[in-house]
Amino acid sequence: MVHRLAVIGLGDMGSAHARGFDQLENCHVVATVDLNPSGVPQHATEWRHGLPRHYTNYREMLEREKPEAVVVAVPDLLHREVSEAVLHAGCDLLLEKPVATTLADTDAIIALAAEKNKLLQIGLVYRYSNFYRRMAELGAQPGHEVTLMWCKELRQPFPQRPWFYSQHATGGTIVEKDCHHFDIFNWVIGSRAVRVFATGGQHRWKSGSEIACNYCPDPPRVIEQIDTVDHALVTVDYENGARACLILCMYLTPQNVMPEGLEIGAIARSGRQICAYGDSRMGVGGIGEPFTWETIDMKGDNDGLGHIGCQEQRRDFLRCLDERRTPLADGKVGRDSLAIALAAEQSIREMRPIDL
């Protein structure tokens, strides 16, 4: 069965979804929506079913095209408004992370999807990568339950678009950026987060700063109002006694040049050590064994189209449509990672631990 799909929002993620879904044989991208009237022809020269019809109004698109499923990749503040319109139109939904900027909006989206009996998949792409599936598999082995995790997310700034630097529009830097990493903590540890403590602030990016993100095609831009943090330290306590820590820096220019890149590690109660570097190299050792590197298929889940897991995420969404089953990254998974991120933002503001 070929599924008729539309994409609302053509920023970095939305345009990638349009290109990626178009490559799949059982999907026809029938329409795109963005305030930019040019659509996405600049992002792809060949389309399996022809160039999607482009709209600047998502309600008009839903009424005219009546797609079966919709990808929503608009700025975070608009997630609830657009998602509710999609669900009311009778469409299944792949919603980019974070689910929303508040738990109230998140719960409203989840409840409406359940009421309408529609699929809700959240864009937590690591859940679909061979790389982090292997880490989760190691963490689930009996006798090697993970008790300590960390993530070093030291990177370049967000793209130079004002909404990324607005607490109101994003829920905060930690919400916008680190739901992925908190989800990995939740997944590998396999327990419920119960307490969050965070500190953070602005070292470099303050109102009036000129931002130049090296992967954004826009020219450098002065962002007049910045009220989000550019660094943070976040600790998370889990019900089973495990703990995790995120170290975040968002002002490396042009990028992180340290050889390990993004680092995500785990230690088991047994003493086993697992560490992943740059989404590409994973080592395992300890408990009397040397630290050795594992060979993991890095292309089978993305088909060379971008971030690890990205194409498997899309393939699995289509399989969920066929089988009417709950996605791996469903609304609850998205909510659990968001709850940690929102608690971290609150902890920074109030300078105290937050119980979940």
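The values are calculated or read from the model by the stated rules, or taken from the named source; none is laboratory data. As the structure is a computational prediction, the values presented were derived from the model and not from experiment. Glycine also receives a Cβ, built like all others from the backbone with ideal geometry; neighbour counts cover every protein chain displayed.
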Over the stretch 41-98, the set of residues surrounded by fewer than 23 Cβ atoms within 10 Å (Cβ to Cβ) and among the polar types (S, T, N, Q) is GLN42, THR45, THR56, ASN57
Just one listed residue, out of ILE264, ILE340, is under 30 Å from CYS91 (Cα atoms) and among the β-branched types (Val, Ile, Thr), and it is ILE340
query: Within the stretch 285-297, is even one residue more than 30 Å from GLN167 (Cβ to Cβ) and either aliphatic (A, V, I, L, M) or within 16 Å of the chain's Cα centre (by Cα) (or both)?
result: yes
Taking ALA113, is it without any contact (Cβ under 8 Å) to a residue 40 or more places away in the chain and not assigned by TED's automatic domain parsing to the domain that holds GLN255? no
Just to be sure before I move on: is VAL222 in the same structural domain as GLU176 (by TED's automatic domain parsing), exposed (fewer than 14 other Cβ atoms within 10 Å of the Cβ) and in a strand (DSSP E or B) in the structure I sent? yes
Determine whether the stretch 119-136 contains at least one residue that is under 23 Å from LEU318 (Cβ atoms), outside any helix (DSSP H, G or I) and polar (S, T, N, Q). yes
If you go through ARG134, ARG192, ARG155, the only one that is surrounded by fewer than 22 Cβ atoms within 10 Å (Cβ to Cβ), closer than 24 Å to TRP205 by Cβ, modelled with pLDDT of 95 or more and not small (Gly, Ala, Ser) is ARG155
Exactly one of ARG80, ARG59, ARG4 is at pLDDT 95 or above and within 16 Å of ILE122 (Cα to Cα), and that one is ARG80
Conditions (1) among the polar types (S, T, N, Q); (2) buried (at least 22 other Cβ atoms within 10 Å of the Cβ); (3) not in a helix (DSSP H, G or I) -> THR106 fails only (3)
Flagged in the stretch 210-219 as loosely packed, with under 10 Cβ neighbours inside 10 Å and within 24 Å of the chain's Cα centre (by Cα), in numbering order, are TYR215, PRO217
